[in-house]
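Engineer: Encoded as structure tokens, here's the structure I'll be asking about.
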């Protein structure tokens with residue numbers, strides 16, 4: 001058979017050009033070389049497997065890689081997930097953030113735009129908080145997280161190393177605690193996974209409590225600033241009111257009058273009485289002058305009394321309103337001034353006092369409103385799915401994880417063998 005094939009090849013070579021003959025001879029040599037490397041069994045007359053040393057090494061590589069890349073990982077993963085892996089329990093909670101005034105974190109509206117303009121600002125802040133070092137430090141005040149994540153047992157892969165640093169704990173925490181946010185509704189789902197159902201439940205509850213506290217602390221900053229400003233305004237108006245009260249007291253002491261209106265009314269009543277008396281005397285005098293002599297003793301007495309009344313009337317009129325030239329009221333410090341002047345000054349002081357009182361009343365009302373607002377809880381975590389104690393472990397997923405490792409190991413081994421075969425054929429050619 002080989003002789004006939006060689007004769008046919010020679011016949012073909014004679015009909016080709018020199019370059020084509022050279023290419024055909026090279027291809028024929030490569031084909032014969034590949035055929036020569038194939039072991040020939042005894043049945044074909046080869047006298048047993050005539051394999052070269054490189055072929056034996058390649059077969060050993062195939063067997064060794066199969067054991068190392070497929071058999072060994074499959075056995076190890078099966079033993080680990082079947083006998084060594086520790087059970088892990090999940091506690092889940094679902095919640096939404098609700099603001100009492102519907103405002104939420106108005107000061108962080110820019111974050112809303114970064115998230116696409118959806119109402120997830122508060123939930124996004126909580127997610128960032130849950131994945132931060134801050135919450136680990138806050139939780140460490142109540143729990144020993146390293147001890148919780150480092151249970152005693154034969155599992156040497158899943159637990160946290162007890163000598164781990166805070167950075168290692170944070171990285172491990174992110175793998176065990178997760179939060180998913182629905183960006184369309186702002187609803188959040190919290191997952192906590194530990195090696196004990198009780199630990200998962202307690203940590204989930206504490207995370208919810210700390211998250212609500214954090215949101216209220218952030219939203220309460222504006223209210224704290226408002227309360228501080230209201231307090232400052234209340235103190236200012238109080239000092240202004242005290243100053244106006246003192247000025248009113250000094251003005252009353254200066255003029256010697258407690259109430260200008262009452263004093264004016266009293267003077268008016270006196271003037272009215274004096275004018276009535278003077279009018280009555282004038283009537284008597286005119287009557288006597290008609291019936292008696294104008295220089296009679298009785299007429300002179302009435303005239304003298306009438307003149308005295310006129311002087312009193314003039315004096316009281318000057319005290320009520322005058323240019324201050326005669327008969328004005330004298331204050332305690334010796335200064336003269338009419339009742340009208342003193343009344344105008346007291347009225348001015350009274351107006352300033354009423355304005356200060358109104359300002360103080362408004363400031364007091366604003367302070368009370370700011371105080372009540374700052375003391376009121378601004379945001380709430382509406383937990384519509386409360387965390388519960390897990391009844392069975394959800395992790396590790398033993399069958400799924402083992403199957404995944406077996407399939408991945410086989411694919412890696414198959415890829416390695418494929419690359420080795422390509423390299424071998426390329427080298428041989």
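Engineer: Taking the range 178-190, which residues are surrounded by fewer than 14 Cβ atoms within 10 Å (Cβ to Cβ) and at pLDDT 90 or above?
Structural biologist: The one that is surrounded by fewer than 14 Cβ atoms within 10 Å (Cβ to Cβ) and at pLDDT 90 or above: 180.
Engineer: So which pairs qualify, if the first residue must be in the range 413-427 and more than 11 Å from residue 65 (Cβ to Cβ), the second must be in a helix (DSSP H, G or I), the Cβ gap must be under 8 Å, and the two must be at least 6 apart or on different chains?
Structural biologist: From residues that are more than 11 Å from residue 65 (Cβ to Cβ), the pairs are 424/58.
Engineer: Considering the range 378-416 alone, what residues qualify as being more than 20 Å from residue 75 (Cα to Cα), touching a helix residue (DSSP H, G or I) at 6+ places or on another chain (Cβ under 6 Å) and not in a strand (DSSP E or B)?
Structural biologist: Matches in the range 378-416: 378, 387, 389, 390.
Engineer: So which of 322, 315 ends up being surrounded by 14 or more Cβ atoms within 10 Å (Cβ to Cβ), at pLDDT below 70 and outside any helix (DSSP H, G or I)?
Structural biologist: Just a single option satisfies the conditions, and that option is 322.
Engineer: Continuing with this model, one more query. Of these, 175, 113, which one is exposed (fewer than 13 other Cβ atoms within 10 Å of the Cβ), part of a helix (DSSP H, G or I) and modelled with pLDDT of 90 or more? Write out each step before concluding.
Structural biologist: On the way: 113 fails: modelled with pLDDT of 90 or more.
Exactly one residue qualifies, and that residue is 175.
Engineer: Still on this model: Can you give me the number of residues within the range 174-222 that are within 23 Å of residue 85 (Cβ to Cβ) and in contact with a helix residue (DSSP H, G or I) (Cβ under 6 Å, 6 or more places away or on another chain)?
Structural biologist: Residues meeting the conditions: 4.
Engineer: What's the total number of residues in the range 206-251 that are in contact with a strand residue (DSSP E or B) (Cβ under 8 Å, 6 or more places away or on another chain) and either modelled with pLDDT of 85 or more or not assigned by TED's automatic domain parsing to the domain that holds residue 129 (or both)?
Structural biologist: Pass one, the range 206-251, residues in contact with a strand residue (DSSP E or B) (Cβ under 8 Å, 6 or more places away or on another chain): 207-208, 211-212, 215-216, 219.
Filter once more, so that each one left must be either modelled with pLDDT of 85 or more or not assigned by TED's automatic domain parsing to the domain that holds residue 129 (or both): 207-208, 211-212.
Here the count works out to 4.
The values are calculated or read from the model by the stated rules, or taken from the named source; none is laboratory data. Treat the numbers as computed from the prediction; the structure is a model and nothing was measured. Counting neighbours? That spans all protein chains shown, and the Cβs are built from the backbone with ideal geometry, glycine included.
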